[in-house]
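To keep things clear, I will list the structure first and then write my remarks on it.
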Amino acid sequence: MPTALPRLTRDGERGEDPCSLTATDLGDELKPAAFEYHAPETTADVVGLLREHGDDAKVLAGGQSLVPMLALRLTSFPHLVDVNRVAELDGIQQQNGMLGIGAVTRQSTLERDTSVPDVAPLLAKAVKLIGHFQIRNRGTVGGSIAHADPAAELPTVALALDAELEVANADGTRRVPASEFFVGTWTTAMESDDLLVRAWFPTKQGRAGFAFEEVARRLGDFGLAGAAVAVELADDDTIAKASIGLLGMGPTPLRAPAAEAALVGTRGDPDELGEIGRLAAAASDPPADVHASRRYREHVGAYLVGQAVAKAVEEARRG
């Protein structure tokens, strides 16, 4: 286990607390605003710090989004709580038909786990599209979900698969359905003293197929639009159940309930998929920015839904 950083007092002498560091004590070259660094080693210690400091504290996991925002002073927090030393937040496990992924599990660990493609194929397909391999080596599963970027892959998969997010605070733990977890851009249902400890994804059941499609300006960029699709086939090869998650198509990851309902009972034939894509796009509220217009995202999103449905149905039929 890495050695915790010592606390440096303003007179330059080593302090007593091995889990705190004041950023301003390191010199003027450090760009973030002043903060105190905490490196707890148990979940109980993390939630205790969050309860103590409230809105003044921010959890640091992979830091792929938080650290640049701090460096550019787009945000600041008097206290940073680094959870990377909390071993109980790491790891992948199967339990009662669910795949549980610890919040500080690296995205690259998920990508390399040989059991994931069999039990949670949609996760395996989506994680490969997250940034570049350097990002995945440091980025965490929980950090991506808790950051709640509407253009991120893992929140979209969580919503499409009806995942449950296990959240802890000083009073205990609870599970929040993904449908209730994402409430706005970069905003979740968690309170300031809550910690995301594990994400639970349903494992593959029956004749199921999955696909994840997205379009980005360059390899590794955030997706301009995307679709995560899961289907389950009945014995007669018609679609018995369908889930469609939309990426980059609104202020949060979105579901497309009208398109999902329209798929049920059909065979997902190519001549039906244009209308399915249009129904999905109608459920969206895409932004317009320097990268793409609202109309472009609607058009591309509709196409990607059709492509993803076709691939998911084909995979389900192959068994």
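The values are calculated or read from the model by the stated rules, or taken from the named source; none is laboratory data. Fair warning: this is a prediction, and the values are worked out from it, not measured in the lab. Quick reminder, even Gly has a Cβ in these numbers, built from the backbone with ideal geometry, and neighbours come from all protein chains shown.
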Of (1) at pLDDT below 95; (2) in contact with a helix residue (DSSP H, G or I) (Cβ under 9 Å, 6 or more places away or on another chain), Leu219 fails just (2)
Exactly one of Ala120, Ala148, Ala126 is surrounded by 24 or more Cβ atoms within 10 Å (Cβ to Cβ) and under 14 Å from the mean Cα position of the chain (by Cα), and that one is Ala126
- prompt: Can you find even one residue in the range 53-65 that is in the same structural domain as Arg136 (by TED's automatic domain parsing), of a type in the set (Gly, Ala, Ser) and either at pLDDT 95 or above or farther than 17 Å from Pro32 by Cα (or both)?
  reply: no
The residue that is farthest from Val305 (Cα to Cα), considering only those in the range 232-249 that are touching a residue at least 60 places away in the same chain (Cβ under 8 Å) and of a type in the set (Asp, Glu), is Asp237
Flagged in the range 239-294 as within 18 Å of Phe182 (Cβ to Cβ) and touching a Lys or Arg at 6+ places or on another chain (Cβ under 8 Å), in numbering order, are Ser243, Ile244, Gly245, Leu246, Gly248, Met249, Ala283, Ser284, Pro286, Pro287
When the range 234-275 is checked residue by residue, the ones that are over 17 Å from Leu154 (Cβ atoms), within 24 Å of the chain's Cα centre (by Cα) and buried (at least 22 other Cβ atoms within 10 Å of the Cβ) are Ala242, Ala256, Ala259, Glu260
Of (1) touching a Pro at 6+ places or on another chain (Cβ under 9 Å); (2) under 29 Å from Gln134 (Cα atoms), Ala208 fails just (2)
In the set Val183, Val229, Val197, the lone residue that is under 27 Å from Ile135 (Cα atoms), touching a residue at least 60 places away in the same chain (Cβ under 8 Å), surrounded by fewer than 24 Cβ atoms within 10 Å (Cβ to Cβ) and out of contact with any Asp or Glu (no Cβ under 6 Å at 6 or more places or on another chain) is Val183
Of the residues in the range 150-195, those that are of a type outside the set (Gly, Ala, Ser), part of a loop (DSSP other than H, G, I, E, B) and over 19 Å from Gly54 (Cα atoms) come to Pro150, Leu161, Asp162, Thr185
Residue pairs within 7 Å by beta carbon, gap of at least six or interchain, first lying in the range 261-280 and more than 15 Å from His299 (Cβ to Cβ), second in a loop (DSSP other than H, G, I, E, B) and of a type outside the set (Ser, Thr, Tyr), listed first then second, are Arg267/Asp237
